[in-house]
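Have a look at the structure below, then the notes.
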Amino acid sequence: MSQERAALGAFLRSRRDRLSPAEAGMRAFPGPRRVPGLRKEELAMLAGLSADYYSRLEQGRQATVSAEVLDALARALRLDEVEHAHLHDLAAPGPARGARGATAVQRPDQGLIRLMGTLDHVPVLLLGNRGDVLARNLLLTAVLGRPLPPGSSFVRYLFQDPVARERIVNWAVFAAAAVASLRRETARHPYDRQLTLLIEELRSADEDVTRWWDDHTVRDYASVTKRIEHPTAGRLDFGIEFVAPPQEPDQRLVIYTTEPHSRTAAMLPLLASWSADLPFQDAEH
């Protein structure tokens, strides 16, 4: 069984386990149940497949899978848009994925850099593959308390720097979403050895990462809320928004937005003035 087919089978099994017959809109097959969710035969029926064909899929023994079959499985499993796309990525032939060299130097998209320049009143971060930092402004460093220079890893900061857990009040929610996003990235870049090693490193050092990873939850980089407890500015609440250009889908501009007239919005100009005195004023991009 190839690594790619094993990943496809594991994802299908995880989504099948979470969905009961009632939730799937069907009457359960008779007999004792040994699985928490749908049986293979039940899912096969819902998707219009033979039980043998579906078993081969889940066991990684089916070499090719049509888009029509994947769409039928997505409907039967009640997958959301991100999970549906993830399923297609997992089933794509190997050469169709990870075509870009994993070790290629990531260069920040200049359109996103220009956009960053217009957003100096809020914290902004530009991320590339594997959560690598491509650029950030000084207000971001003032809020998070770390320099995060270009070339550093935001993911390692999030999971390995104790300051991240101290400052991010809802760290567990934010961190779980980051793991789900990494899993989504592995389907798009299955041959990225650096990504594989990063995930192995995080899982070996953190039980939370292992638990979230084994859940097979996937998530694209999307809007989340981040709550910061700043040692000087106090509580700061941000809505995190992501911008990804079509020509550079692996780069995300992360914008820390604020509610108008909120306490956080009022504190940011003060933080910006304080950031001028920070010791880590290295180049922003």
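Only one entry in 159, 174 is modelled with pLDDT of 95 or more and either aliphatic (A, V, I, L, M) or open to solvent by less than 50 Å² (accessible area, probe 1.4 Å) (or both), namely 159. The one condition from (1) open to solvent by 30 Å² or more (accessible area, probe 1.4 Å); (2) out of contact with any helix residue (DSSP H, G or I) (no Cβ under 8 Å at 6 or more places or on another chain); (3) more than 21 Å from residue 82 (Cα to Cα) that residue 165 does not meet is (2).
Filter the stretch 245-260 for residues that are part of a loop (DSSP other than H, G, I, E, B) and of a type in the set (D, E, K, R); which is farthest from the chain's Cα centre (by Cα)? It would help to see each step written out before you state the result.
If we filter the stretch 245-260 for residues that are part of a loop (DSSP other than H, G, I, E, B), which is where we start, we get 245-251, 258-260.
Among the residues that remain, those that are also of a type in the set (D, E, K, R) are: 248, 250, 259.
Values: 248: 16, 250: 11, 259: 25 Å.
By that ranking, first place goes to 259.
Can you work out which of the residues in the stretch 49-68 that are of a type in the set (Asp, Glu) and under 31 Å from the mean Cα position of the chain (by Cα) is most open to solvent (accessible area, probe 1.4 Å)? The qualifying residue most open to solvent (accessible area, probe 1.4 Å) is 68. Where helices (runs of 4 or more DSSP H) sit wholly within the stretch 22-98, those with at least 2 residues that are under 30 Å from residue 249 (Cβ atoms) occupy 51-58, 67-76, 81-91.
A single entry from 12, 19, 46, 38 fulfils the requirement of being more than 20 Å from residue 213 (Cα to Cα), open to solvent by less than 30 Å² (accessible area, probe 1.4 Å) and of a type in the set (A, V, I, L, M): 38. Counting only residues that are surrounded by fewer than 11 Cβ atoms within 10 Å (Cβ to Cβ), of a type outside the set (Val, Ile, Thr) and modelled with pLDDT of 80 or more, the stretch 219-234 holds 1 of them.
If you check 22, 47 for being in contact with a helix residue (DSSP H, G or I) (Cβ under 7 Å, 6 or more places away or on another chain) and either more than 19 Å from residue 184 (Cα to Cα) or at pLDDT below 90 (or both), only one passes: 47.
The values are calculated or read from the model by the stated rules, or taken from the named source; none is laboratory data. Computed from a predicted structure; not experimentally measured. Methodologically, a virtual Cβ is constructed for each residue, glycine included, from the backbone with ideal geometry; neighbour enumeration extends over all protein chains shown. Ligands, DNA and RNA are stripped out before the accessible areas are found, and what is left, the full protein with its side chains, is counted by its heavy atoms. Shrake-Rupley method; radii C 1.70, N 1.55, O 1.52, S 1.80 Å.
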